[in-house]
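Everything below concerns the one structure shown next.
The values are calculated or read from the model by the stated rules, or taken from the named source; none is laboratory data. The model shown is predicted, which means the values in this text are computed figures rather than measured ones. Glycine gets a Cβ as well: all are built from the backbone with ideal geometry, and neighbour counts include every protein chain shown. We work out accessible area using only protein heavy atoms, side chains counted, and drop any ligands, DNA or RNA first. Shrake-Rupley method; radii C 1.70, N 1.55, O 1.52, S 1.80 Å.
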Amino acid sequence: MDVTETLAAPVKKPVVASPLDAGVKPTLIGLTREEMADALKGVGVAERQLRMRVSQIWNWLYVRGVSDFDHMTNVAKDMRETLKKHFTIARPEIVEEQVSNDGTRKWLLRFPPRGAGRPVEVETVYIPEEGRGTLCISSQVGCSLTCSFCHTGTQRLVRNLTAEEILSQLLLARDRLGDFPDRDAPVGAMMPSEGRKVSNIVMMGMGEPLYNFDAVKTALLIASDGDGLSLSKRRITLSTSGVVPEIFRTGDEIGVMLAISLHAVRDDLRDMLVPINKKFPLKELMDACRKYPGLSNARRITFEYVMLKDVNDSLEDAKGLIQLLKGIPAKINLIPFNPWPGTNYQCSDWATIEKFADFINAAGYASPIRTPRGRDILAACGQLKSESERMRKTERLAFEAMMIANHGED
Ligand code: SAH
Ligand code: SF4
């Protein structure tokens, strides 16, 4: 299905103003039920009403997707006025929405300042596929790590996103894709589990999610809450470059699927590609994977492996990979390197990638090659970069011309 058909005409530069710009009122989005109850109590909601109010508001926010208190029709008018006076549930501002010629969508979102800070911008990407759709969510503005093949890694860390900001990316995508039920669906409706445009989410946007553990945990637990957004934890994948101490906690406290950005099977090479390896080398990383809670053949770990020409793409590397993963229920995801302006790496030749994949398949591992999506709008893995360091239009046109010359219009 072509998503562009089902949406309002693609907007080139919609600027959806948001009352959040004022940046003053606290939000009710991204709070645990307990935090929401405390917030309501703080504005005078009676103790005996708290549970009921929290579950009403939870349903409006996460099942119905409202972003305006006035749409909460089963909440009395004076209560709505109180909520409006003290809180916000507004969406972030959409600075830019781009639609790729393959249907991939990328939003540049602006969040208001936190405290004395400045507004920040992050990117969120939606990838429609046959019968499903995946939303790639950012966890930080920039990244403190410096993986040498990753565009985000060239941008310094500006700050962690809050649970609200992480969750808002999902809410906003569902708004834009028409994924929330109609206004006139019965009050208290449950979220349908079939036919969703956003059926899966991956924490694979900007940032290292395990360096923002608490906010990511809160947001993902809300996204998977059965009385709300109700996404199955099997359809949520968290990708990490290998923050070993938080890997066990991810399985234990969040319970989502795990992906590891492996990219090299020897410490000397991984130290260069994924420098966090110097702190948590391969042996520790693999031990942490073996101990991942809930690991089984049905819940395998995905190992991501970016294919870099003449760097990590030899058959020796493929053999090393099989050796390294021995005893771990695993899937291997081969990612053709997505180039960005200024990188010194090149993507492996297609024939090399296929040979690598065949070798791994023969060893009994599923090893899908991830088709690059949204390259024309720089929405593919590792191409995200925002804010002041975004490409100027002239740079972008030159880059696009280079891509077309190298790859044809794929
Ligand atoms: N920080 C987390 C999640 C975000 S990156 C992590 O590193 O796992 C999501 C995936 O894209 C990671 O596997 C990352 O290594 C990969 N990636 C980064 N830059 C890339 C590029 N230019 N081409 C292809 N994949 C890339
Ligand atoms: Fe950060 Fe992940 Fe990019 Fe590494 S690959 S720089 S951890 S976003």
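Counting only protein heavy atoms and a probe of 1.4 Å, the accessible surface of the range 33-86 is 48% carbon and sulfur. Each residue of the range 77-90 was assigned a 3J(HN,Hα) from its phi angle through the Karplus curve 6.51 cos²θ - 1.76 cosθ + 1.60 (θ = phi - 60°); the sequence is 4, 5, 5, 4, 5, 4, 4, 4, 5, 9, 10, 10, 9, 6 Hz, with glycine and proline shown as x. Under 5 Å from the amide H of S239 lie the amide H atoms of M203, A259, each residue being 5 or more positions distant or on a separate chain, with H modelled from the backbone and absent for Pro and chain starts.
Rg over Rh for the range 275-328 works out to 0.99, using Cα positions for both radii and the Kirkwood form for Rh.
Listed highest first by mean packing, meaning other Cβ atoms within 10 Å per residue, what order do 130-143, 235-248, 276-289, 33-46 come in?
Numbers: 130-143: 21.9, 235-248: 20.4, 276-289: 17.1, 33-46: 14.8.
Going from most to least packed, we get 130-143, 235-248, 276-289, 33-46.
Between M52 and E354, the modelled labels are 6.6 nm apart [label points 7 Å from Cα along Cα→Cβ].
For D271 and D38, a Förster radius of 56 Å and the Cβ-Cβ distance give a FRET efficiency of 0.80, rounded to the nearest 0.05.
What accessible area per residue comes out for the range 233-303, rounded to a whole number of Å², with a 1.4 Å probe? Walk me through the numbers before you get to the answer.
Details: 2910 Å² over 71 residues.
Per-residue value: 41 Å².
Can you give the FRET efficiency for Q346 and S148, using 1/(1 + (r/R0)^6), R0 = 22 Å, r = Cβ-Cβ distance, to the nearest 0.05? Don't skip to the end; give the middle numbers.
Details: r = 13 Å, r/R0 = 0.60.
So, using R0 = 22 Å, E works out to roughly 0.95.
Dipole magnitude of the range 33-86 about its Cα centre, charges +1 at Lys/Arg Cβ and -1 at Asp/Glu Cβ only, in debye to the nearest 20? Display every interim value, and only then the final one.
Numbers: 10 positive and 8 negative charges, 27 e Å.
Using Cβ point charges on Lys, Arg, Asp and Glu, the range 33-86 gives about 120 debye.
At full extension, A362 and R114 could sit 84.1 nm farther apart than now, given 0.36 nm per residue minus the alpha carbon distance. Heavy-atom accessible surface of W58, to the nearest 10 Å², is about 10 Å², with a 1.4 Å probe and all protein chains retained.
Rolling a 1.4 angstrom probe over the protein heavy atoms, how many square angstrom per residue are accessible across the range 38-110? Don't skip to the end; give the middle numbers.
On the way: 3020 Å² over 73 residues.
That works out to 41 Å² for each residue.
Taking all protein chains together, L83, L324 sort by accessible area into L324, L83, largest first [probe 1.4 Å].
Taking 0.36 nm per residue of separation and subtracting the Cα-Cα distance, what length does fully extending L315 through R156 add? If you can, show how the numbers build up before the last one.
Details: separation 159, 0.36 × 159 = 57.24 nm, distance 3.47 nm.
So the extension gain works out to 53.8 nm.
In terms of its Cα atoms, the range 33-86 spans 24, 21, 16 Å along the principal axes, sorted from long to short.
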